[in-house]
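A short worksheet on the structure shown next.
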Amino acid sequence: MNDTPGWASPGSAPSDGQQPGTSGPAEPADRPGPAHPAGGPAQPGQAPQGPGSPWSKEQPPPAQWSAPGGPAAPGQAPPPPPPGPGWGHQPPGAHGPGGFGPAGPGGYGHPGGPGPHGGWGSGWGGPPPAAKPGVIPLRPLGVGEILDGAVSTMRTYWRTVLGISLTVAVLTQIIVVLFQGLVLDDSSTEALNDPSATVTELSRAMGDALLSSTVILVISLVGTVIATALLTTVTSRAVLGKPVNLGEAWRDARPQIAGLFGLICLLLLITSGLVAAGALPGILVGVSVNGPAGVALTVLGIIGAGIVALWLMIRFSLASPALMLEKQGIKKAMSRSTKLVQGTWWRIFGIQLLAAIIANVVASIIVIPFAFLAAALSGGGLTGLLSSGPGSLGWTFLIVSGIGSVIGSMITFPITAGVTVLLYIDQRIRREALDLELARAAGVQGYGPAVPGTTPGS
């Protein structure tokens, strides 16, 4: 029997005639012995005795053998524990007390040995988990983690997030409803539905409709800018696990709101300019030739300009959080966004498109029933809603549909703003090891590279 510690059979004792710790051949404990040896009959719980008997004088009583893994007999080392996960958990004695490698402490996989990354434990179990002081782990993020981080921010800090979204949405919608009910009621947009209207009346109606749409767009834009600025601050605090109230978010965001408004207006001007430039050749051809060629060229020009505008919008999509969190100017924020997006355009486009689809689908589930309810309560029904111009909508319809828009905005604002901010943080973690700065800011102890000069997360 091999008496090497850790490999003895459970329940056995040292062989007769051998001292513990010596090795040599031994008879198995379950071999049948003689029925009446010279030493007399065997007593219960005792092996037969006699000259030359290979059995040990001390045997355990009947039916008391330890099952594998049970307690060992006196004078014998306990059995080895079952191997655990990882390469370092080997039976003691396989290659020395340390498992793999030379015997003794310091073997490969042994605590203190030259294991990977300075020895993270008694075996290879992979790198330690990333710190997570807030809504996201401090490492490069996946798509699901970015979406979950935006939703977790809204769920964890719901008082602040929904307070910001509700306040901005209510104020914006009140201005829009008042403008539609008081100003557009006296406009001449009814001429757009009149087949006998003159060219002058149609031109005036189109001008009024364009003006009203522009005013509503500007009002909504201002609300979006304010909500985005405040929610950017909240999301950045949520990453660190630090609470923030509405007053603190406003104090942090207020100096950058004017710059954010200028950035968004500049991006809208770039988009509009590109679309107008793409449509202009087709319009000129249509005026001079007056045929289908002009229409086809206009459509192609708008599609081409739209593709270019989309490419630029994604390229500059991280400029908003860069401006807010780095306290940069408009030009510098756009440059920062360009550097962060470079090489990952399709990934950022896909994540933002997915977030926009989710937010708008959820918002539509809320807004559309309110629109039908408003049409039913206003008396015109769905037919009246589709045939009415913007100036003929009653106050009942405007108020009820406005309530639906407020609830929808409460959902879309936090999701779109949160995803944009988390994308910005994710790109900086991947390129600039921002996770180290975030960990220090969050007060995480012992977080950083194990060897000076290394840069995790890059």
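Considering Leu354, Leu385, Leu340, Leu373, which residue is in a helix (DSSP H, G or I) and at pLDDT below 85? Result: Leu385 is the single residue among Leu354, Leu385, Leu340, Leu373 that is in a helix (DSSP H, G or I) and at pLDDT below 85.
The condition of being farther than 30 Å from Ile411 by Cβ and within 33 Å of the chain's Cα centre (by Cα) holds for Lys339.
The set of residues in the range 202-234 that are of a type in the set (A, V, I, L, M) and either at positive phi or without any contact (Cβ under 8 Å) to a residue 40 or more places away in the chain (or both) comprises Leu202, Ala205, Met206, Leu210, Leu211, Val215, Leu217, Val218, Val225. None of Ala309, Ala322 is without any contact (Cβ under 8 Å) to a residue 60 or more places away in the chain and in contact with a helix residue (DSSP H, G or I) (Cβ under 6 Å, 6 or more places away or on another chain) except Ala309.
Restricting attention to the range 171-181, does a residue exist that is assigned to a helix (DSSP H, G or I), over 12 Å from the mean Cα position of the chain (by Cα) and under 14 Å from Ala417 (Cβ atoms)? Checking the range 171-181: not a single residue is assigned to a helix (DSSP H, G or I), over 12 Å from the mean Cα position of the chain (by Cα) and under 14 Å from Ala417 (Cβ atoms).
For first residues located in the range 339-362 and in contact (Cβ under 8 Å) with a residue 40 or more places away in the chain, partners that are in a helix (DSSP H, G or I) and of a type in the set (Ser, Thr, Tyr) and lie 6+ apart or on another chain with Cβ distances below 6 Å form the pairs Ala359/Thr412; Ala359/Thr416. Total residues in the range 404-446 satisfying the condition of being closer than 21 Å to Arg139 by Cα, in a helix (DSSP H, G or I), among the aliphatic types (A, V, I, L, M) and over 15 Å from the mean Cα position of the chain (by Cα): the figure is 6. Of the listed requirements (1) over 30 Å from Gly418 (Cβ atoms); (2) modelled with pLDDT of 90 or more, Arg139 misses just one: (1).
Is it fair to say Ser196 is loosely packed, with under 15 Cβ neighbours inside 10 Å, at pLDDT below 80 and farther than 19 Å from Val244 by Cβ? Taking the combined requirement at face value, the residue satisfies it.
For (1) touching a Phe, Trp or Tyr at 6+ places or on another chain (Cβ under 9 Å); (2) surrounded by 18 or more Cβ atoms within 10 Å (Cβ to Cβ); (3) at pLDDT below 95, each residue gets a yes or a no:
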| position | (1), (2), (3) |
| --- | --- |
| Gly418 | no, yes, yes |
| Arg431 | no, no, yes |
| Ala439 | yes, yes, yes |
| Gln445 | no, no, yes |
| Pro452 | no, no, yes |
| Thr455 | no, no, yes |
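The values are calculated or read from the model by the stated rules, or taken from the named source; none is laboratory data. All values derive from a computational prediction rather than experimental measurement. Reconstructed Cβ throughout: ideal geometry from the backbone, glycine too, with neighbour counts over all protein chains shown.
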